[in-house]
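Below: the structure, in C-alpha cells.
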Amino acid sequence: MAEKKTTRKKSPAKAGAKKTPAAAKKVASSAVARGAGLAAASPGVTLASLRENKGARPKRTRVGRGHGSGMVKTAGEGGKGQTVRSGGGKGPAFEGGQTPWARRLPHKRGYSQKARDIGHFRTTYAVVNVSALAAWDPAVEVSPQSLIEKRLLSKAPDGVKILGGTKPGKTLPKGLRFRDVIFSSTAREALGAAGADLGDVKEAEASA
C-alpha cells in the first residue's frame with residue numbers, strides 16, 4: 001500500500017511576512033564583506049580605488065644615498081666612543097697627537113715670558129684726554145675713583161693715564177688737583193701751564 005506524501009502548507013502569516021531592517025542590514029553587511037555588494041553599498045568605490053588617509057603611511061627615510069640626503073655616514077645613529085661620552089673630545093691644547101706645547105717647554109728654571117702671551121704681563125691703563133677735563137670742578141680731586149663716578153671712565157684696570165689731546169674751544173680750569181694718575185709729556189706741560197697740582201709725579205711715572 002503506497003504511502004501518501006503530505007505537504008505542509010505555509011501559513012498566510014509566514015508567507016506574507018517581510019524581512020526586518022536588522023535582517024536586511026545583516027545580509028548587506030555579509031555581502032559587502034565578501035566583496036560582492038561593495039559597489040552597491042557605496043557607489044563609485046571599489047577595492048581598486050581604496051587608498052589610505054593622507055599621511056597614514058609616511059615615506060621612510062632612506063639612508064646612505066649621498067651627502068645631499070644628510071643621512072650618509074652614521075645614518076642618523078650618531079657617533080660612538082669619544083664623541084658620545086660626556087666631557088669627551090679634544091681640548092684646545094690638542095695638537096693632533098704630538099707632544100703638546102706645555103710639555104715641549106724646558107721645565108728646568110721656569111717659563112720664559114718671551115714665549116708666552118704678552119697680554120698677561122702688559123700694564124693696561126685707562127686713558128683720559130685733558131680736553132675731557134674742561135668742565136671739571138676744581139674743588140673735586142681728579143683720581144681714578146672720581147673719573148669713574150663722573151663716567152669719564154668705565155674701569156681702570158692697572159691705573160689711569162692723562163693724555164694731552166685737546167679740542168678747539170675747550171680750556172682747562174685753574175687749580176686742578178690729581179692723585180694716583182700718571183701723565184704723558186704733553187699732558188704734563190698743558191696741566192703745568194694751567195697751574196694744576198700733579199701730585200707725586202715722580203712716583204707715578206716710576207710706576208709706569
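Values computed for the structure shown
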{"item": "Scan of region 177-208 for residues that are in contact with a strand residue (DSSP E or B) (Cβ under 6 Å, 6 or more places away or on another chain), at pLDDT below 90 and either of a type in the set (Phe, Trp, Tyr) or buried (at least 19 other Cβ atoms within 10 Å of the Cβ) (or both), ordered by number", "result": "LEU198, ALA204"}
{"item": "Tabulated pairs, region 127-144, first assigned to a helix (DSSP H, G or I), second of a type in the set (Asp, Glu) and surrounded by 14 or more Cβ atoms within 10 Å (Cβ to Cβ), C-beta under 7 angstrom, 6+ apart or interchain", "result": "PRO144/ASP180"}
{"item": "Filtered residues of region 94-136 (kept if at pLDDT 90 or above and either over 20 Å from LEU153 (Cα atoms) or loosely packed, with under 10 Cβ neighbours inside 10 Å (or both))", "result": "PHE94, GLU95, GLY96, GLY97, GLN98, THR99, PRO100"}
{"item": "Flag for GLY68 being modelled with pLDDT of 65 or more, over 30 Å from LEU172 (Cα atoms) and in a helix (DSSP H, G or I)", "result": "yes"}
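The values are calculated or read from the model by the stated rules, or taken from the named source; none is laboratory data. It should be emphasised that the depicted structure is a prediction, and the values quoted were computed from it without experimental measurement. Every residue, glycine as well, gets a Cβ built from its backbone with ideal geometry; the counts of neighbours run over all protein chains shown.
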